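Trainee: Mind looking over this structure? Questions follow.
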Amino acid sequence: MRPIRLPEPPSPTIRVPEIFEGGAYSVIRRAVIIGNGYPGSENQSIGLVRALGLYDKHVLYRVTRPRGGINEWLLWLPVSLHQKLDYLIQFIQIYSRGRNYVPLPLEHGGGSVGLASVLEADVKQIVTMARQTFEKDGPLLVVASGRDTISVASSIRRLASENVFVIQIQHPRSQLNRFDLVITPRHDFYPLTPQAQEQVPQFLHRWITPREPPDRHVILTLGALHQIDSATLRSTAAAWHDEFAPLPKPLLVVNIGWPTSHCRYGADLAKQLTAYLLNILSSCGTVRISFSSRTPEKVSKIIVKEFADNPKVYIWGGQEPNPHMGHLAWADAFVVTADSVSLISEACSTGKPVYVMGPERCKWKLSDFHKSLRERGVVRPFTGSEDIAESWSYPPLNDTAEAASQVREALAERGWRVRP
C-alpha cells in the first residue's frame, strides 16, 4: 500500500522550531524523531511520541539513502558511506560525459541526492539545540527507528547525554548501551533461543546477533509500534463514514505486502490467495484489497486479473487519499500476508478477526512472531474455509501504550517526566 503521508523534515538550520519554546526544567515537552524515509519505521516513532502526548510537539528529521539503480545493491553499507559513494559515482558520471557540475536531482523534495542528504538529520544541529535550550525548555526526547538512524541517534546521546533521552526502536544489533532505551519485538531475540541455536552451525554463532539477552533498559513488545488506538479508530471512522457506511457487510479488508528474506513468496501465493478469496466471497458483503508499494507486479497482476470486474471487490489503485486508516476503522475482518509485522500489528490492535496468509512460509524470527500471535489468540491462519460473517474477538494488542508507560517509568528514574 502507498505509505501514509508524513510531515517533511525542516530545513537544516540552527533555528529552534517554535514547538521548543517554553517549558520547565526536567519536564519533557518536545520531541525529535529521526526517521529513515520508510513509513513502517517512522510510524513506530510517531506512534510512541503520540502515546506520550507529544504528537503536536515533535519535529521529524530524516536520514535518507540514495535510491534507484546501483543504490539498491548498496543498502548493506553504512548510510554515510553509501551517500558519499553515490555522490562520487554521480560526479564521475557527470565528469566523464564532459558536463559541468550541476545540482543532482531531488529525491525527497529537498537537498540533493548524495552528500547533501547526510545533512538532513544533522547531529550537530540537534545537539546544539538540546544544549542551548535545556535550562529554559527542559530535556529533549529523541526517538529513532530503523538501522540507518542508529549512528545519528547514538551520536546525539554521546554528545548531549545530560540534555536528551534517546530511544531506539528496533534492535540495533549491538552496543545497546548507546541508547537510554531500546524498544524492540520479542522475536528479535529469537537467535538466543535453543530452537534457533540448533538451526545455526556452531562456528556461526559468534556472528549471529543479538548475543546478549535483553537487560533492564530494553522494552520488549509482541509486535510493531504504530499510531492506532481506540481514539484514533473512532475519529477515523467518522472521517471515512460517507465512503464506508453504505458498503454491504461484512467488510473484509485484504492487505498484501511483499516477500522478504524471512518470508519468501511469489505468484504461487497470489494464486493460492485468489482461490481462498473466491471460496469465502459468498460470506462477504464487500471485499477491499490493498497492495503495498513494494508488492511484486507478478503478485498483484494475478489478483487484479481475477477480481477487477467483480462487483463485490474494490481494489485500491494507489490514488490519494490512502484508505488504510478507514479500512482499520470500518473492516469487520482482515486478511494480511504474513510478511508484514507492521500491517499485522495494526490489524491486531482493533480486536477484530485477523487471518494471516502464508505464515508457513516464514522462517527464523518471523516464524517465532507468528507463533506468539497464535498463542495469544489474536490471529488465525487463512484457509479459504472461513465464514467471514462469523466474528470472533480478543483483547486488542496494546504494545504502543504499554511501551509508552514503561518509557514514563524510565524517565521517572532519571528524575524527568513527560508534560501532563
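Here is a yes/no grid of residues against (1) of a type in the set (Asp, Glu); (2) surrounded by 14 or more Cβ atoms within 10 Å (Cβ to Cβ); (3) free of Cβ contacts under 8 Å to residues at least 12 places away in the same chain:
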| position | (1), (2), (3) |
| --- | --- |
| Leu252 | no, yes, no |
| Ser261 | no, no, yes |
| Arg264 | no, no, no |
| Asp268 | yes, no, yes |
| Lys271 | no, yes, no |
| Tyr276 | no, yes, no |
| Asn279 | no, no, no |
| Ser283 | no, yes, no |
| Arg288 | no, yes, no |
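Trainee: Quick check: is even one residue across region 161-168 closer than 22 Å to Asp56 by Cβ, assigned to a loop (DSSP other than H, G, I, E, B), among the hydroxyl-bearing types (Ser, Thr, Tyr) and over 21 Å from the mean Cα position of the chain (by Cα)?
Mentor: There is no residue in region 161-168 that is closer than 22 Å to Asp56 by Cβ, assigned to a loop (DSSP other than H, G, I, E, B), among the hydroxyl-bearing types (Ser, Thr, Tyr) and over 21 Å from the mean Cα position of the chain (by Cα).
Trainee: Looking at Pro172, Pro191, Pro213, which is the one that is assigned to a helix (DSSP H, G or I) and in contact with a helix residue (DSSP H, G or I) (Cβ under 9 Å, 6 or more places away or on another chain)? Don't jump to the end; show me each part of the working.
Mentor: Numbers: Pro172 fails: assigned to a helix (DSSP H, G or I); Pro213 fails: assigned to a helix (DSSP H, G or I).
One residue alone meets the criteria, Pro191.
Yes or no, residue by residue, for (1) crowded, with 18+ Cβ neighbours inside 10 Å; (2) of a type in the set (Lys, Arg); (3) at pLDDT 95 or above; (4) not assigned by the TED database to the domain that holds Val49:
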{"site": "Tyr314", "(1), (2), (3), (4)": "no, no, yes, yes"}
{"site": "Gln319", "(1), (2), (3), (4)": "no, no, no, yes"}
{"site": "Thr337", "(1), (2), (3), (4)": "yes, no, yes, yes"}
{"site": "Tyr355", "(1), (2), (3), (4)": "yes, no, yes, yes"}
{"site": "Lys371", "(1), (2), (3), (4)": "no, yes, yes, yes"}
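Trainee: Out of the residues in region 99-142 that are at pLDDT 50 or above and open to solvent by 90 Å² or more (accessible area, probe 1.4 Å), state the one that is nearest to the chain's Cα centre (by Cα).
Mentor: Pass one, region 99-142, residues at pLDDT 50 or above: 120-142.
Add one more test, that the residue is open to solvent by 90 Å² or more (accessible area, probe 1.4 Å), and what stays is 124, 131-132, 135-136.
Working: Lys124: 26, Arg131: 29, Gln132: 31, Glu135: 33, Lys136: 33 Å.
Residue satisfying both the conditions and the ranking: Lys124.
Trainee: Could you look through region 37-55, keep only residues that are in contact with a Gly (Cβ under 7 Å, 6 or more places away or on another chain) and open to solvent by 10 Å² or more (accessible area, probe 1.4 Å), and pick out the one that is modelled with the highest pLDDT? Walk me through how you get there before you give the answer.
Mentor: At the first step, the residues of region 37-55 found to be in contact with a Gly (Cβ under 7 Å, 6 or more places away or on another chain) are 38, 41-42, 45.
Retained after the next criterion (residues that are open to solvent by 10 Å² or more (accessible area, probe 1.4 Å)): 38, 41.
On the way: Tyr38: 83, Ser41: 89.
If we take residues in region 37-55 being in contact with a Gly (Cβ under 7 Å, 6 or more places away or on another chain) and open to solvent by 10 Å² or more (accessible area, probe 1.4 Å), then Ser41 is modelled with the highest pLDDT.
Trainee: Can you name the condition, by its number, that Arg211 falls short on among (1) without any contact (Cβ under 8 Å) to a residue 40 or more places away in the chain; (2) open to solvent by 50 Å² or more (accessible area, probe 1.4 Å); (3) over 30 Å from Leu411 (Cα atoms)?
Mentor: (3)
Okay, residues lined up against (1) at pLDDT 95 or above; (2) among the small types (Gly, Ala, Ser); (3) assigned to a strand (DSSP E or B); (4) in contact with a Cys (Cβ under 6 Å, 6 or more places away or on another chain):
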| position | (1), (2), (3), (4) |
| --- | --- |
| Lys249 | yes, no, no, no |
| Leu252 | yes, no, yes, yes |
| Lys271 | yes, no, no, no |
| Thr274 | yes, no, no, no |
| Leu277 | yes, no, no, no |
| Arg288 | yes, no, yes, no |
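Trainee: Then there is this: All but one of (1) within 30 Å of Val166 (Cβ to Cβ); (2) assigned to a loop (DSSP other than H, G, I, E, B) hold for Val407, so report the exception by its number.
Mentor: (2)
The values are calculated or read from the model by the stated rules, or taken from the named source; none is laboratory data. Since the structure is predicted, the reported quantities are computational estimates derived from the model, not experimental observations. Cβ coordinates were reconstructed from backbone atoms using ideal geometry, including for glycine residues, and neighbour counts include every protein chain displayed. Heads up: the accessible areas ignore ligands, DNA and RNA and are worked out on the full protein's heavy atoms, side chains in. Shrake-Rupley method; radii C 1.70, N 1.55, O 1.52, S 1.80 Å.
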